[in-house]
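> Before we start, here is the structure in question, set down as structure tokens.
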Amino acid sequence: MASSTKKNLDLSKEQIKDLDWKKGTDANSFLAEEQRLSKQKPMIHQVSQKTIGKFSARINQMTSEQLDVELEKRQLSTSGDMDIRRIRLKHYYKYELTFQCKNPLTMIEQQFEYIAVVDFEATCEDQQDNYQNEIIEFPIVLINVQQQTIVDKFQSYCRPIINPILSKFCTDLTGIEQHQVDSAPTFVEVLHNVETWLNERKLLLPANKHTFAFATDGPWDFTKFLQLQCQLSSISYPQWATEWIDLRKEFAHFYSVKRCGINKMLAKLGLTFDGRPHSGIDDATNIARIGLELLKDGCILSLNDSIHSSDPKSTPRNNNNDDDSIVFKD
Ligand code: AMP
Ligand code: MG
């Protein structure tokens with residue numbers, strides 16, 4: 001875990017904000033930004049493990065109240081359980097030492113301008129192995145990374161072909177009713193609409209393209225549902241879904257906790273689920289809220305799973321293990 005924590009904190013020169021992201025703004029603001037950066041003279045300082053270790057040990061001794069005082073001093077959120085707040089302060093401190101400036105989190109350069117959170121719902125039966133799940137809801141929640149906000153949403157139901165009648169189990173689980181899929185376009189049509197929607201936002205076409213990545217909760221959306229759906233629909237697997245950000249994986253990595261589901265991640269952050277669990281759009285919105293908290297805490301969100309390397313079986317879906325002990329090692 002120590003080496004994975006390191007990934008987020010060993011910042012390369014490319015990760016310092018340069019002026020590239022300012023392309024397209026007017027000359028005055030460009031100059032103002034240049035002046036601001038030249039005044040700040042961002043420097044990357046090697047932080048010794050010994051220094052971090054000392055600070056880490058001190059944070060581990062802090063009471064909840066002391067922790068909040070330190071977080072407030074740095075204008076950081078005091079939301080979340082002790083484990084999360086400790087790690088938040090530890091990461092911030094590492095950034096403080098690395099950049100040696102007043103607002104070190106502003107010096108982090110993210111890899112993507114936009115992150116599109118997806119969470120498929122599919123036909124299902126209770127405890128039936130080798131069931132051919134067909135995607136019945138395709139939601140996207142779009143995050144503007146720099147603004148750290150949700151800026152757009154896409155949602156469509158899809159009409160299943162192999163099992164056109166939803167099981168009671170499926171409707172009870174997802175809240176999706178028969179009439180909603182009966183009147184919906186097929187998956188192939190929805191995929192086309194999704195690509196149009198992405199193109200309209202300059203997320204897919206190479207010209208003027210914004211940098212963007214898809215994000216999920218776990219590996220299953222792409223490795224299980226999308227892959228099977230493309231086979232069932234006899235279409236090729238979309239290029240844009242070959243690599244993605246697994247937020248469940250990143251959450252565990254960044255906060256040094258065991259992987260856990262949406263509800264538990266939210267609870268750890270001091271948040272509660274908004275909406276109806278297993279509704280695709282509500283799941284995606286809540287996963288996006290988790291992504292936003294990671295961004296606010298200085299996590300660099302980058303691709304961490306792919307269709308070629310993912311092993312969904314190695315990641316149990318319902319990990320309700322309560323043993324979420326902190327394993328932040330310095
Ligand atoms: P989720 O994102 O957790 O809502 O799940 C996505 C899809 O996985 C659902 O639409 C179902 O097709 C399937 N699924 C989730 N939980 C179960 C379960 N307990 N039994 C069978 N299928 C499930
Ligand atoms: Mg869902």
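> Go through the range 76-102 residue by residue and tally those that are part of a loop (DSSP other than H, G, I, E, B) and within 23 Å of the chain's Cα centre (by Cα).
Number of matching residues: 6.
> Any residue in the range 152-173 that is more than 16 Å from ligand 2 (Cβ to nearest atom), open to solvent by less than 50 Å² (accessible area, probe 1.4 Å) and within 15 Å of the chain's Cα centre (by Cα)?
no
> Restrict the check to the range 164-177 and report whether at least one residue is touching a residue at least 24 places away in the same chain (Cβ under 8 Å), in the same structural domain as Ser302 (by TED's automatic domain parsing) and away from ligand 1 (no atom under 12 Å from the Cβ).
no
> For the range 239-273, name all the residues that are away from ligand 1 (no atom under 15 Å from the Cβ), more than 15 Å from the chain's Cα centre (by Cα) and free of Cβ contacts under 8 Å to residues at least 60 places away in the same chain.
Once the filter is applied, which keeps residues that are away from ligand 1 (no atom under 15 Å from the Cβ), more than 15 Å from the chain's Cα centre (by Cα) and free of Cβ contacts under 8 Å to residues at least 60 places away in the same chain, the range 239-273 yields Gln239, Trp240, Thr272.
> Return only the number of the condition from (1) over 14 Å from Pro139 (Cβ atoms); (2) within 16 Å of ligand 1 (Cβ to nearest atom); (3) surrounded by fewer than 16 Cβ atoms within 10 Å (Cβ to Cβ) that His210 does not satisfy.
(2)
> While we're on this one: Residues in the range 174-202 that are at positive phi and either of a type in the set (S, T, N, Q) or surrounded by 17 or more Cβ atoms within 10 Å (Cβ to Cβ) (or both): how many?
1
> Now a separate question. Any residue at all in the range 91-100 that is of a type in the set (S, T, N, Q), more than 28 Å from Trp244 (Cβ to Cβ) and crowded, with 17+ Cβ neighbours inside 10 Å? Quick ask: steps written out before the conclusion?
First, pick out the residues of the range 91-100 that are of a type in the set (S, T, N, Q): 98, 100.
Right, trim to more than 28 Å from Trp244 (Cβ to Cβ) and you get 100.
From the residues that got through so far, the ones that are crowded, with 17+ Cβ neighbours inside 10 Å too are none.
So far as the range 91-100 goes, no, none of its residues is of a type in the set (S, T, N, Q), more than 28 Å from Trp244 (Cβ to Cβ) and crowded, with 17+ Cβ neighbours inside 10 Å.
> Tell me the residue from Phe222, Phe214 that is in a strand (DSSP E or B), at pLDDT 95 or above and closer than 19 Å to Asp282 by Cα, please.
Phe214
Each row is one residue, and each column tells you yes or no for (1) crowded, with 20+ Cβ neighbours inside 10 Å; (2) more than 16 Å from ligand 2 (Cβ to nearest atom); (3) under 20 Å from Leu203 (Cα atoms).
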position	(1), (2), (3)
Phe222	yes, no, yes
Tyr237	no, yes, yes
Glu243	no, yes, yes
Phe251	yes, yes, no
Ile262	yes, no, no
Asp283	yes, no, no
Lys296	no, yes, no
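The values are calculated or read from the model by the stated rules, or taken from the named source; none is laboratory data. The shown structure was predicted, so the numbers you read here are calculated from the model rather than taken from an experiment. Positions of Cβ are generated from backbone atoms using ideal geometry, with glycine treated the same way; all protein chains shown enter the neighbour counts. All accessible areas refer to the heavy atoms of the entire protein, side chains included, with ligands and DNA or RNA removed. Shrake-Rupley method; radii C 1.70, N 1.55, O 1.52, S 1.80 Å.
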